[in-house]
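Working notes, structure below.
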Amino acid sequence: MAKFETHLSLSSLDEMIKRYENKKKDYPKIAMRIADRLADIMMDCDLQSGTYKVPTRLEGNTAVASIINDEEKAQFQEYGTGVIGEQFPHAAEELQKIGWKYDVNGHGEAGWWYPTTDSDPNPYKWTDTDGQLRAWTKGLPAGRYFYNALKRAEEMFTEVALEELQREV
C-alpha cells in the first residue's frame, strides 16, 4: 500500500506562507493573461467586420479585456431592427432593460429606405434625386455576434484560468 507522509513545523509553515505571499504579486499578471486570452477567443468567433480588440488593462484589482465595434451599424446588426428584428429578437435580457425598441419609427410592414452602397447585397435599391443610393428593408434579425462570443468566452473561462494558473506553479 502506498503511503504519503508529510511533516509540518512552524518553520515549514512560515516558508509555505512566504511562498504564497510572493505569488500574490503575480495575480494581476495572471488575471491579465486570462482576460487577454478570453478576448482572443471572442475575436475568433463570428463577429462583424470592423470589430477589434482593445489592449488588456488593469482597473484596480480587475483585469479588463474588450472587443469593440464602433461602426454605427454594428449595434443594429447585433440587436436587430424593425418588424423583422421584433420577430427574431436578441437573446440578452439586458436589451429589454435598456429599452431597445425594434420599430422606433413605426414603419411596420411598410419598411423604410436607407442610404447604402453598391456593395450592399440587398436587391431592392434605387437612387434618389440627390444621387444617394438607397435600399429598402423591413429590418434585420438580431445577429447576436457579441452575445455569442461572450457566451463562448464564459464557456472557456475555467479551462483558460486553470491553464494560466498552472503556468505559475
From the list Ile41, Ile67, exactly one residue is open to solvent by less than 60 Å² (accessible area, probe 1.4 Å), in a helix (DSSP H, G or I) and modelled with pLDDT of 90 or more. Which is it?
Ile41
Just for segment 9-38: of the residues that are more than 30 Å from Ala142 (Cα to Cα) and of a type in the set (Val, Ile, Thr), which one is least open to solvent (accessible area, probe 1.4 Å)?
Ile30
Report the residue count in segment 72-100 for those that are assigned to a loop (DSSP other than H, G, I, E, B), out of contact with any helix residue (DSSP H, G or I) (no Cβ under 9 Å at 6 or more places or on another chain) and of a type outside the set (A, V, I, L, M, F, W, C).
1
With the requirement that a residue be within 23 Å of Gln132 (Cα to Cα) and small (Gly, Ala, Ser), what does segment 70-122 give you?
Ala74, Gly82, Ala110, Gly111, Ser119
Could you tell me whether any residue of segment 135-158 is over 13 Å from the mean Cα position of the chain (by Cα), without any contact (Cβ under 8 Å) to a residue 40 or more places away in the chain, surrounded by 15 or more Cβ atoms within 10 Å (Cβ to Cβ) and more than 21 Å from Gln48 (Cβ to Cβ)?
yes
Pick out the one residue from Tyr52, Tyr27, Tyr79 that is touching a His at 6+ places or on another chain (Cβ under 7 Å) and modelled with pLDDT of 80 or more.
Tyr79
Can you say whether Asn105 is open to solvent by 70 Å² or more (accessible area, probe 1.4 Å), closer than 30 Å to Lys25 by Cβ and modelled with pLDDT under 95, as far as the supplied structure shows?
no
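The values are calculated or read from the model by the stated rules, or taken from the named source; none is laboratory data. Just so it is clear, the structure is predicted and the values come from calculations on it, not from any experiment. When we count neighbours, we look across all protein chains shown, and the Cβ atoms used for this are built from the backbone with ideal geometry, even at glycine. Ligands, DNA and RNA are stripped out before the accessible areas are found, and what is left, the full protein with its side chains, is counted by its heavy atoms. Shrake-Rupley method; radii C 1.70, N 1.55, O 1.52, S 1.80 Å.
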